[in-house]
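Written below as structure tokens is the structure these notes are about.
The values are calculated or read from the model by the stated rules, or taken from the named source; none is laboratory data. Since the structure is predicted, the reported quantities are computational estimates derived from the model, not experimental observations. Cβ coordinates were reconstructed from backbone atoms using ideal geometry, including for glycine residues, and neighbour counts include every protein chain displayed. Calculation scope for accessible area: heavy atoms of the full protein, side chains included, ligands and nucleic acids excluded. Shrake-Rupley method; radii C 1.70, N 1.55, O 1.52, S 1.80 Å.
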Amino acid sequence: MSAGNHTVVGRRLPRVDALQQTTGQTQFADDLNPPGALVGRQLRSTHAHAAITSIDTVEAAALPGVKAVITGADLPITYGILPVSQDEHALALHRVRHVGEPVAAVAAIDAETAERALALIHVKYEPLTEVVTLDQALDPDRPLIHGEGDGQNVHRTAALEFGDVAEGFAAAGHVREDVYFFGGNTHAALETHAAVASCSPEGKVTLWSATQVPHYVHRALAKVLDIPAGRIRVIATPNGGGFGGKTDPFSHELVAAKLAMITGRPVKFNLSREDVFYAHRGRHPVLMWVKTGFESDGRITAMHFKSFLDGGAFGSYGTASLYYTGALQTSTYRIPNYCFEGMRVFTNKPACGPKRGHGTPQARFAIESQLDKAAADLGIDPVAIRVRNAVEPFSTTVNHLRITSCALNECIDAVVEQSGFHQKHGQLPEGRGVGLALGCYMSGAGLPIYFNKMPQSEVQLKVDRGGGVTVYSGATDIGQGSTSMLATVVAECLGLEPAELTMITADTDLTPVDLGSYSSRVTFMAGNAALEAATKVRTRLVEAVAAKLEAAVEDLEVANGRVGVLGDPESGVSWTEAVVLATAATGPLVESGSYTAPKLAGPYKGAGVGISPAYSYSACVVELEVDADTGMVDVDRVWIAHDIGKALNPLLCEGQVEGGVYMGLGEVLFEEQAFRDGLHRGPSLLDYKIPTSLETPTVHTTLIESDDPEGPYGAKEVGQGPLLPVIPAVANAIHDALGVHIDEVPITPDKIVAAMRDAARGGSGRVGPKGVPDFDFGELIRVEPPEGFVAP
């Protein structure tokens, strides 16, 4: 349902859970303390790579107050988030693959006893050669991290060509080749991971967890515990931040459930901040090579993109992450010929996974940085080169992505005008600069993780005889306001206020399935499911009232708590009376709605990654100041415009945009998941720097409404897309300020100083990687462009 005249949609309303949040009534996972609960703790590996020769738990088990001790032998079944990455054990079995990997676990009467018990567990290791860098992962003489013997630790590869790239380069008047590196970083959510598990006398396991994906945790529990899914209940507690860091099933969740089954008592785990750094699943470090051909006016003729991902010790979402580094280049710019080659390696470090923008910020940094370089080569304005290549609404890309609504040009116009970009770029005093970049992201992945024909999101509505409305949804609120979004959609349809609804979410016993809060899918998918359910209720109400009033159904409206004749609300009946009439006429007012994405995947392996029912678009301008002597960067202002389709609640949408800007600034200037061999250099928020309010600039947010024809009331995503252009906009602004190129992230003061010194010596004034490995990605799969594709 697209946009129209609304009574709730478009209003700047507080979140429906705002009062509970601000008064401390919200129960997060660590707030739960069931009677008789035991404290769980995990013993973690001190080796990056080693064989476990023995584990002695006798002393720990004998310690007074210890109720259970378990090891990997007690949970031997592997698990993982993807069907192709079932490579983890809840507790390491036979071998450890990174520092911090859980090896054993205890349940005790209090934290002190649990910690003493861990000290009494004696593990003997036989160290193995570590694999901690990309070059080491490609060394055939290093030991395999998964498997026996030596060999290259390559997890996955991809090699795809769309159109004729060689022909495209031959037609180009100018060709650039550049190499970029994006350092890995972590989510740094305010709330650390926590879970509480219990097991009833009848053997039913209940897990309360700070997870973004209760449905997938439910699946993992059934597999690893080897019990029927019907004997498991997962409740996702409100998340104090997720950002993708809570979208995997985790060891502590599985271990808590197992210990509860053994002891018959609730068991609670709350990971320390250091534990979370080792649980990780954050941004992949990615080395990138990009070659792009341009006509003399800046139009792209071809692009060849290579990515090399350091995935850490396990698969996690890595197969998808790999393809995401190459899938969405064409969703922003019209690229007529495109080749993507990528690979992901295993290393003896904590596993990487999805972080806000999953796999796409790295490639976005490379492409947007290169576009500025190409514009300078060709004597073209940075705005013009982007406008000339911008993707068009309701088009199809060369790699078979379907574009629906798209207000990319409107986003560009907004930030360029508001920032005075044309008047500032190249015109400010030395040390001050402005940078522009664009971005695009999905409104939900087009396919479920486990392929099936069932809906990707389901919502149920129950209206009681007194008029009370309860909404049931499996979607998890991770701080992004998804519960408020659902309330807004239902309230708009039923002519009520969001605060009047009762919201029941993320409980696998009580709510229907939603696949989880990831890939910016909840607004589009759960929102559409909620709208379908609410529309069914509305239809029954209107038909019942129409019969009473002897009026035509099409002449009635539902608004402001009444059902009556359009333009004459007093002619009708109250909401409660309408409910009574409908219940008497057709039975209980209980309805359901669901959403399944249309078939979108192209005819090639890997086509399921990157497809989406709709894409959001963003444009960003950053103005900053750089001290040439110290390399210190002070971001002054950020202008960002986001094509949101329809802002269901502009207040919450602006908050999401500003959160994305904040996170992007942290990634580009501060954050790095850095290691010394296999040991994290600073697994705390004292050492791992994130921006504070003092480093956060003024952010000017503009929401552009393109009214997507398939989104709920025209809405699209806002949770992840706004981060993407921020990082390259900062890099481009630094170049505008000082004339140096920092082709790797994070852009730290020492790198800027090094580039300035290089420039002063007559060098290129560039800091960044020198090249990429000479790697055989395998046979190139050539894919014909989709039928009707028109090259620019």
Every residue from the range 722-754 that is open to solvent by less than 20 Å² (accessible area, probe 1.4 Å), assigned to a loop (DSSP other than H, G, I, E, B) and over 23 Å from A614 (Cα atoms)
V740, D743, P746, I747
Please indicate, with yes or no, whether at least one residue in the range 465-480 is in contact with a helix residue (DSSP H, G or I) (Cβ under 9 Å, 6 or more places away or on another chain), among the charged types (D, E, K, R) and surrounded by fewer than 21 Cβ atoms within 10 Å (Cβ to Cβ).
yes
Lone unmet requirement of (1) among the β-branched types (V, I, T); (2) touching a helix residue (DSSP H, G or I) at 6+ places or on another chain (Cβ under 6 Å); (3) surrounded by fewer than 24 Cβ atoms within 10 Å (Cβ to Cβ); (4) not in a helix (DSSP H, G or I) for V383:
(4)
Quick one: which residue in A119, A111, A107 is open to solvent by less than 10 Å² (accessible area, probe 1.4 Å) and modelled with pLDDT of 95 or more?
A107
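Can you tell me which residues in the range 429-440 are over 33 Å from the mean Cα position of the chain (by Cα) and either open to solvent by less than 50 Å² (accessible area, probe 1.4 Å) or closer than 30 Å to Y615 by Cα (or both)?
G431
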Considering each residue of the range 278-294, count those that are open to solvent by 10 Å² or more (accessible area, probe 1.4 Å) and either of a type in the set (G, A, S) or within 30 Å of L160 (Cα to Cα) (or both), and give that number.
6
Just one of D275, D297 is in contact (Cβ under 8 Å) with a residue 12 or more places away in the chain, assigned to a loop (DSSP other than H, G, I, E, B), of a type in the set (D, E) and surrounded by fewer than 24 Cβ atoms within 10 Å (Cβ to Cβ); which is it?
D297
If you check Y333 against the conditions, is it closer than 30 Å to G379 by Cα and in contact (Cβ under 8 Å) with a residue 40 or more places away in the chain?
yes
Out of (1) open to solvent by less than 30 Å² (accessible area, probe 1.4 Å); (2) out of contact with any helix residue (DSSP H, G or I) (no Cβ under 9 Å at 6 or more places or on another chain); (3) more than 23 Å from Q212 (Cβ to Cβ), the odd one out for A29 is which?
(3)
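Out of the range 278-291, which residues are part of a strand (DSSP E or B) and either in contact with a helix residue (DSSP H, G or I) (Cβ under 6 Å, 6 or more places away or on another chain) or within 27 Å of A108 (Cβ to Cβ) (or both)?
If the condition is that a residue be part of a strand (DSSP E or B) and either in contact with a helix residue (DSSP H, G or I) (Cβ under 6 Å, 6 or more places away or on another chain) or within 27 Å of A108 (Cβ to Cβ) (or both), then V286, M288, V290 are the ones that fit.
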G147, sole failed condition from (1) under 20 Å from S45 (Cα atoms); (2) touching a residue at least 60 places away in the same chain (Cβ under 8 Å):
(2)
Within the range 218-241, residues touching a residue at least 40 places away in the same chain (Cβ under 8 Å), under 20 Å from D507 (Cβ atoms) and open to solvent by 50 Å² or more (accessible area, probe 1.4 Å) come out as R219, R233
Under 7 Å by Cβ, and 6 or more places apart or on different chains, what pairs join a residue from the range 103-127 that is without any contact (Cβ under 8 Å) to a residue 40 or more places away in the chain with one that is assigned to a strand (DSSP E or B) and open to solvent by less than 30 Å² (accessible area, probe 1.4 Å)?
none
If you check every pair at least six apart or on different chains, which have Cβ atoms under 9 Å apart with a residue in the range 450-468 that is in the same structural domain as R538 (by TED's automatic domain parsing) first and a residue that is basic (K, R) and assigned to a strand (DSSP E or B) second?
G468/K462
Which number in (1) touching a Pro at 6+ places or on another chain (Cβ under 9 Å); (2) open to solvent by less than 30 Å² (accessible area, probe 1.4 Å); (3) without any contact (Cβ under 8 Å) to a residue 60 or more places away in the chain marks the one condition that T71 misses?
(1)
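Residues are listed down the side, and each one gets a yes or a no for (1) touching a residue at least 40 places away in the same chain (Cβ under 8 Å); (2) within 30 Å of P709 (Cα to Cα):
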| residue | (1), (2) |
| --- | --- |
| V9 | yes, yes |
| A18 | no, no |
| V39 | yes, no |
| R44 | yes, no |
| A48 | yes, no |
Condition broken by G719, with the remaining ones in (1) closer than 27 Å to G241 by Cβ; (2) open to solvent by less than 10 Å² (accessible area, probe 1.4 Å) satisfied:
(2)
Selection count where residues are of a type outside the set (D, E, K, R), without any contact (Cβ under 8 Å) to a residue 12 or more places away in the chain and part of a loop (DSSP other than H, G, I, E, B), scope the range 757-789:
2
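Table: residues versus (1) part of a helix (DSSP H, G or I); (2) open to solvent by 20 Å² or more (accessible area, probe 1.4 Å).
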residue: E177; (1), (2): no, yes
residue: F181; (1), (2): no, yes
residue: A188; (1), (2): no, yes
residue: A195; (1), (2): no, no
residue: Y216; (1), (2): yes, no
residue: F243; (1), (2): no, yes
residue: T247; (1), (2): no, no
residue: E253; (1), (2): yes, no
residue: K258; (1), (2): yes, yes
Kindly provide the set of residues from the range 607-640 that are under 20 Å from the mean Cα position of the chain (by Cα) and among the small types (G, A, S), ordered by number.
A607, G608, G610, S612, A614, S616, S618, A619
Of everything in the range 157-184, what is charged (D, E, K, R), farther than 24 Å from K770 by Cα and touching a strand residue (DSSP E or B) at 6+ places or on another chain (Cβ under 6 Å)? Give them in sequence order.
E161
